[in-house]
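Only one structure is covered here, and it is reproduced in the block below.
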Amino acid sequence: STREIKKILETVIEEENKRKPLTDDALAKILKDKGYPIARRTVAKYREQLDIPVARLRKKI
């Protein structure tokens, strides 16, 4: 379900390397590997709904 995918997405983003944040493409691939084949643009939509910025804005030095 959508909620389940968003929860996984949040967890993956929280655990990512902040110096090299994952792109929507990479996130889509991770979700696919976990058994949720969704498109990159869907990942982008969910990420925006969760108020999570794009990878380059999540980058911490």
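Computed from the coordinates by the stated procedures, all read-outs in this text should not be read as laboratory data. Just so you know, these numbers come straight off a predicted model, no measurement behind them. Don't worry about glycine lacking a Cβ; one is built from the backbone with ideal geometry, like all the others, and counts go over all protein chains shown.
Some observations on this one:
- Taking the Cα centre of the chain as origin and assigning +1 to Lys and Arg Cβ atoms and -1 to Asp and Glu Cβ atoms, the resulting dipole is close to 220 debye.
- Answer label for Cα extents along the principal axes in Å (calculated), chosen among [x] 34, 22, 18; [y] 39, 21, 16; [z] 34, 34, 25: [x]
- Asp25, Asp51 arranged by Cβ crowding within 10 Å, fewest neighbours leading: Asp51, Asp25
- Residue among Pro53, Pro37, Val12 farthest towards the positive dipole end of the chain, charges placed on Cβ: Pro53
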